[in-house]
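The values are calculated or read from the model by the stated rules, or taken from the named source; none is laboratory data. Not measured: the values here are computed from a predicted model. Cβ coordinates were reconstructed from backbone atoms using ideal geometry, including for glycine residues, and neighbour counts include every protein chain displayed. Accessible surface areas use protein heavy atoms only, side chains included; no ligands, DNA or RNA. Shrake-Rupley method; radii C 1.70, N 1.55, O 1.52, S 1.80 Å.
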Amino acid sequence: MTEIRNIVILTGAGISAESGIDTFRSAGGLWEQHRVEDVATPEAFARDPDLVHRFYDMRRASIREKLPNPAHFALAELDAAWRGNLLIVTQNVDDLHTRAGARRVLHMHGEHLKAWCTSCDVRSHWRGPLIDRPPCPICQSRSLRPDVVWFGEMPYRMGEIYGALREADLFVSIGTSGAVYPAAGFVQNARELGIRTLELNLEESQGSRWFHESRLGPASEVVPAWVAEVLRGG
Ligand code: OAD
């Protein structure tokens, strides 16, 4: 196998499932409980901002009770030990990678614990509810929205992600169904660039066929096992 120096890791809801955070597309998942068009589009927010704020306020409050699991800790250990480039691109809006100690984390779909002021365009750390329209800490305007990327909006920092992929020798996808682009297309970008690709997921995903290798099992088991292997130089 060619020596691995630079790694890009994509994570999705599956890595936080064992921390008790619902995934989106499993039976009983978030998109069965709520319609995307009601809570996760700019149109929904314009139509019924209270409903959207209530949905995100609830989720923001609930992640504070959740804890990182062994998969998050294993990636944090890899991040601390890895001397080459490493980027953990997460589609998750929870803060469990950071709370586990990972530093090289990019939130492409935004973060629950930030609010975005659509008046002054500043993103501020935010822990409380937004439904009562609190003022922006910077400009005092009451125009805060959740700093999460909704359907129909452009994910964050795509240039950085593609730049990291171009430098990478290994692309690893963890706990994501491969249903939502552009993240679902990273494996195809990696293949075009000639990069080795590995999937770690509970079950076969929509994207499995694109990967050189898929290892199936719960993230809390397969991720620490893979990290141990990489750190041994395997
Ligand atoms: P999904 O709910 O679509 O997929 C979660 C994946 O994790 C599935 O393939 C599951 O099989 C797998 N999984 C579940 N439990 C697992 C476990 N314990 N260990 C490992 N894998 C497990 O979630 P995402 O792929 O993250 O976007 O969804 C992508 C995007 O769609 C989200 O970021 C969100 C959503 O709509 C926006 O809101 C913009």
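Points to keep in mind about this one:
- Computed over the range 4-163, relative contact order equals 23 percent, with contacts defined as Cα pairs under 8 Å that lie 6+ residues apart.
- Here the chain exposes an accessible surface that is 51 percent carbon and sulfur, computed with a 1.4 Å probe and the other protein chains kept in place.
- Gained length - ILE138 relative to ARG191, 0.36 nm times residue gap less alpha-carbon distance: 14.7 nm
- About the Cα centre, charge dipole magnitude for the chain (Lys/Arg +1, Asp/Glu -1 at Cβ), debye: 520 debye
- Here the label points at ASP50 and LEU67, each 7 Å from Cα along the C-beta direction, are separated by 3.8 nm in the simple model.
- Between the Cα long axis of helix 49-63 and the first principal axis of the chain there is an angle of about 50°, rounded to the nearest 10.
- Inter-label distance for SER26 and ARG232, nm, one decimal - labels placed 7 Å from Cα along Cα-to-Cβ: 2.8 nm
- Applied to the range 35-47, the Karplus parametrisation 6.51 cos²θ - 1.76 cosθ + 1.60 on θ = phi - 60° returns per-residue 3J(HN,Hα) values of 7, 3, 5, 8, 10, 9, 9, x, 5, 4, 5, 5, 6 Hz, with x for Gly and Pro.
- The 3J(HN,Hα) values that the Karplus relation (6.51, -1.76, 1.60; θ = phi - 60°) gives for the range 190-201 are, in residue order, 4, 4, 4, 7, x, 8, 5, 10, 9, 10, 10, 8 Hz. Gly and Pro appear as x.
- Hz values of 3J(HN,Hα) by residue in the range 149-161 - Karplus curve (6.51, -1.76, 1.60), Gly and Pro given as x: 7, 9, 4, x, 10, 7, x, 7, 6, 5, x, 5, 5
- Over the range 60-151, the hull volume per residue, using the convex hull of the C-alpha atoms, is 110 Å³.
- Calculated accessible area for the chain comes out at 49 Å² per residue, all protein chains present (probe 1.4 Å; ligands, DNA, RNA ignored).
- Packing-based order for 221-227, 204-210, using average beta carbon neighbours within 10 Å, highest first: 221-227, 204-210
- Here the chain is described by how far its Cα atoms reach on the three principal axes: 55, 37, 33 Å, from widest to narrowest.
- Convex hull of the range 15-55 built on C-alpha atoms - directionally averaged projected area, nm²: 3.2 nm²
- Anisotropy class of the range 151-196 from Cα gyration tensor, a/c 1.5 cut: oblate
- Sparse-neighbour loop sites [chymotrypsin sites (Phe, Trp or Tyr not before Pro); the range 43-147; at most 12 other C-beta within 10 Å; DSSP]: none
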